[in-house]
Every structure is written in structure tokens, then in C-alpha cells.
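**Student:** My questions will all concern the structure given below.
The values are calculated or read from the model by the stated rules, or taken from the named source; none is laboratory data. This one's a predicted model, so the numbers in the text were calculated from it and none came from an experiment. Here the Cβ positions follow ideal geometry from the backbone for every residue, glycine too, while neighbour counts run over all protein chains shown. These accessible areas exclude ligands, DNA and RNA; they are computed on the full protein's heavy atoms, side chains included. Shrake-Rupley method; radii C 1.70, N 1.55, O 1.52, S 1.80 Å.
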Amino acid sequence: MSLTITDLEQLQTEHPEWQMELVEGKIIVMGPSDYESEEIGDRLITFLNNWVMSRKLGRVTGSSAGFIFPSIEEGNSERRNLRATDVSFVRADRLKKTKRDFAELVPDLMVEIKSKSDRIKPLEEKIQLFLQLGSTVGMLIDPDKLTVTVYRLNQTPEVMQNGDTLTLADLLPGWELAVTELWPPEFE
């Protein structure tokens with residue numbers, strides 16, 4: 001049985017505590033993130049929003065924002081997928097007004113943060129899918145290795161680590177972030 005976004009919305013009404021995605025007609029229930037991964041995502045959202053909001057460049061969202069896009073399966077033009085990323089950015093000219101629904105577009109920037117139970121390969125596959133569907137940049141943040149890998153369609157991924165500065169000149173000219181700023185601080 002192939003499920004739809006309407007089916008997913010019904011399940012969300014019955015189970016609001018579940019975070020779900022719809023992938024090729026199958027509902028995937030996502031487990032909660034570990035604390036460190038969530039904090040890294042929140043830190044990135046803060047750094048992005050500080051730059052984006054003051055310049056009215058677009059919208060930055062977290063892991064609960066859903067994006068609807070068509071199925072990539074041959075012959076399934078009616079089936080739509082609902083996916084979420086840990087952090088996303090959509091340029092202002094592509095989403096002039098927020099509506100109280102899922103966004104029917106692919107974000108310009110999508111970020112996945114490896115939680116302690118994630119495997120790298122499915123995260124990389126998800127990033128590649130978003131790039132194929134129109135995202136400009138995909139990022140994979142790996143707290144275990146303290147790396148940020150930046151992906152662009154048909155380009156070699158760029159692996160960054162402590163001491164490097166993250167820039168996204170093609171999306172956010174002038175924005176810079178030291179990779180070390182992503183990692184949660186240790187308090188004494």
C-alpha cells in the first residue's frame with residue numbers, strides 16, 4: 001500500500017510526538033536526536049539567522065519544517081514526498097511569504113547532522129537527492145569526527161574541520177563561520 005501526504009497528516013494528528021517523513025509512499029518515523037546533535041543544529045540556525053534575518057535574505061528553519069517534492073520514481077508523477085532536514089535555508093525570492101503548510105519546494109541549503117545512531121551513507125544519499133532536485137548546497141555535520149562536509153552537485157565534496165572557516169558565497173555572500181563555533185561549549 002502506497003501512502004500519501006494526507007495519510008501522514010492523519011498520523012501526525014493521532015501522534016503529534018512523532019517526527020515523520022514520507023519517502024516513495026512509505027512513512028518513516030524518525031527517532032529523537034541526541035542532545036549534542038540538536039544543540040549543533042540550534043547553533044547553526046542561530047548563526048545563519050543572525051546573518052539572514054537582518055539582511056532579509058530568506059528563511060532558516062530546523063528539523064520540523066517539511067518540504068514537499070515529486071517522487072523521483074519513473075511513472076509516479078502523482079506521488080509526492082515529504083522530507084525534512086536538520087537545518088534549511090530558502091532564499092527570499094523563492095518563498096516570499098510563509099504559509100501554514102509544508103513548503104512545496106526544495107531548500108537552497110540543506111543540512112544533515114549525524115546523530116549518534118545515524119549511518120553516514122543514508123545521510124549522504126539524502127543530501128545527493130536534495131542536490132539533484134535543486135538544492136544549491138548540502139552539508140553533513142559529523143560531531144564524531146568534528147567535520148563539516150559541503151556538497152554541491154557534480155563537485156567533489158569539501159571536508160572542513162577545526163581551524164577552517166565555512167563560507168557559502170553562492171547563497172550567503174559575506175557570511176563566515178569558524179567550524180569550531182558549531183561545537184557545543186564546555187562549561188567549567
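Here is a yes/no grid of residues against (1) in contact (Cβ under 8 Å) with a residue 60 or more places away in the chain; (2) open to solvent by 10 Å² or more (accessible area, probe 1.4 Å); (3) charged (D, E, K, R):
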position	(1), (2), (3)
Lys114	yes, yes, yes
Val137	no, no, no
Val150	no, no, no
Pro157	no, yes, no
Asn162	no, yes, no
Leu166	no, no, no
Pro173	no, yes, no
Glu186	no, yes, yes
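**Student:** Looking at region 26-37, which of its residues are open to solvent by 80 Å² or more (accessible area, probe 1.4 Å) and charged (D, E, K, R)?
**Tutor:** Scanning region 26-37 gives Lys26, Glu36.
**Student:** Please verify whether region 36-55 includes one or more residues that are at pLDDT below 85 and in contact with a Leu (Cβ under 7 Å, 6 or more places away or on another chain).
**Tutor:** No, region 36-55 contains no residue that is at pLDDT below 85 and in contact with a Leu (Cβ under 7 Å, 6 or more places away or on another chain).
**Student:** A follow-up question, please. Could you pull out the residue among Ile68, Ile40 that is within 22 Å of Gln132 (Cβ to Cβ) and surrounded by 12 or more Cβ atoms within 10 Å (Cβ to Cβ)?
**Tutor:** Criteria check complete, one pass: Ile68.
**Student:** Residues being surrounded by fewer than 20 Cβ atoms within 10 Å (Cβ to Cβ) and without any contact (Cβ under 8 Å) to a residue 60 or more places away in the chain: count how many of those fall in region 43-58.
**Tutor:** Residues that pass the stated criteria total 7.
**Student:** Now, a different point. Any idea which residue in region 2-25 is farthest from Leu82 (Cα to Cα), counting only those that are in contact (Cβ under 8 Å) with a residue 24 or more places away in the chain and open to solvent by 50 Å² or more (accessible area, probe 1.4 Å)?
**Tutor:** Result: Ser2.
**Student:** Looking at Ile141, Ile127, can you tell me which residue is outside any helix (DSSP H, G or I), of a type in the set (Val, Ile, Thr) and open to solvent by less than 10 Å² (accessible area, probe 1.4 Å)? Please lay out each step first, then the result.
**Tutor:** Details: Ile127 fails: outside any helix (DSSP H, G or I).
Criteria check complete, one pass: Ile141.
**Student:** Is it the case that Thr167 is under 19 Å from Glu36 (Cβ atoms) and hydroxyl-bearing (Ser, Thr, Tyr)?
**Tutor:** no
**Student:** Looking at (1) under 19 Å from Thr61 (Cα atoms); (2) out of contact with any strand residue (DSSP E or B) (no Cβ under 6 Å at 6 or more places or on another chain), which one does Gln128 not meet, given that it meets all the others?
**Tutor:** Result: Gln128 fails condition (1) only.
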